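Questions regarding the structure given below will be posed in turn.
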Amino acid sequence: MSAADQPKPVNPPQRGVFRTADLPPDERNAAWNAIAGPFFDHVVPLEDKAMDGEIRADLLGDWATCRIRFNPHSYARRQARRSDDGLDYYFIQLYCRGALHGECAGRAVSLRPGDILILDVRQALTLRASAGEIITLIIPHADIDRLPADLHGQVLLRERDSTRQLAARFESLEARLSEIGADEAQALQSSVRSVLIAAIDDALSEADPPLRRRSSRPVPEPACKEVGDASTSLQAIQDTLLGWSKRDD
C-alpha cells in the first residue's frame, strides 16, 4: 500500500455532554430535538411534559459514540431521506436498560436489555422507548459494506455469542474514549468494526429466508474523512450538542 493509500489518522476523541437538568423545563424538548433533528423528524416525551436525560457523545473521525439516558419517549422519521444528503450512517444501538417497540420501514422491532438494533438513518421508522439507557455507535454505511435494505431494523439478539461480544466491545470503547490517545482509539475502532461485521453476518445467516450479503470486496479501515463530506455533519451535530450544554439557565 502506498503512502497515498494509507488511511488518514484519527484525531483524539472529542467529548460533549448534554444534560436536560442543566436547562429550564421549557427548553428541554427543543434542545433534545435540535440535537436529534438531523436524524429524526421529532422526539416526543410520552409520560412527562419534557424530555429528561443525558447525552454523552464522543466524536472519533467519521464515527461517533453516544451513551444516552432518557425517560419514556417516541421518535419517528416519516419518509426516507435522499441518498445525497451526506448522512450516510447507521445507528448501532445497544440497549443497556429499558425496552423499545415499533417498526422500521415495515419491519416490526422489539428490543430488550442486551439486544442491539441497527437503524439506517435515511429510512422511515416509528419507535417508542421506555425509560432506559443505550450506547449508540454512529458509523458510515461504507464501513459495514452490507446492503442497507437488509440492515434497517435488524435486531442482534442478546442470546447470540456474537452479540454479547459486540456489546462488550461497545462498553469498552465508550468507557475508554475520553482517556486514550488517537492511536489507541483507532485500534479500538478497528477492533469494534471487525466484531460488528461478524455479529451482523451471524444475524443475516440465520434470517429466514437468508438476507442478501455483500462481502466479496475488502472494506478499507475507518478513517477520518476530508472536510466537506459526511464527517462534517457529525461535527455539526456535536457542535449543536455542545452549544446547548453551555447555555446558562
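Could we say that residue 166 is part of a helix (DSSP H, G or I), within 17 Å of the chain's Cα centre (by Cα) and over 20 Å from residue 145 (Cα atoms) here? Quick ask: steps written out before the conclusion?
Numbers: part of a helix (DSSP H, G or I): yes; within 17 Å of the chain's Cα centre (by Cα): yes; over 20 Å from residue 145 (Cα atoms): no.
So residue 166 does not fit the description; no.
For every residue, the table says whether it meets (1) in contact (Cβ under 8 Å) with a residue 12 or more places away in the chain; (2) small (Gly, Ala, Ser).
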| position | (1), (2) |
| --- | --- |
| 95 | yes, no |
| 107 | yes, no |
| 111 | yes, no |
| 154 | yes, no |
| 162 | yes, yes |
| 165 | yes, no |
| 206 | no, no |
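Next up: Under the condition of being at pLDDT below 95 and of a type in the set (Gly, Ala, Ser), which residue from segment 90-123 is surrounded by the most Cβ atoms within 10 Å (Cβ to Cβ)?
105
More than 20 Å from residue 196 (Cα to Cα), free of Cβ contacts under 8 Å to residues at least 60 places away in the same chain and of a type in the set (A, V, I, L, M, F, W, C): does that describe residue 117?
no
The values are calculated or read from the model by the stated rules, or taken from the named source; none is laboratory data. This is a predicted model, so every value here is computed, not measured. All Cβ positions, even for glycine, are placed from backbone atoms using ideal geometry, and neighbour counts span all protein chains on display.
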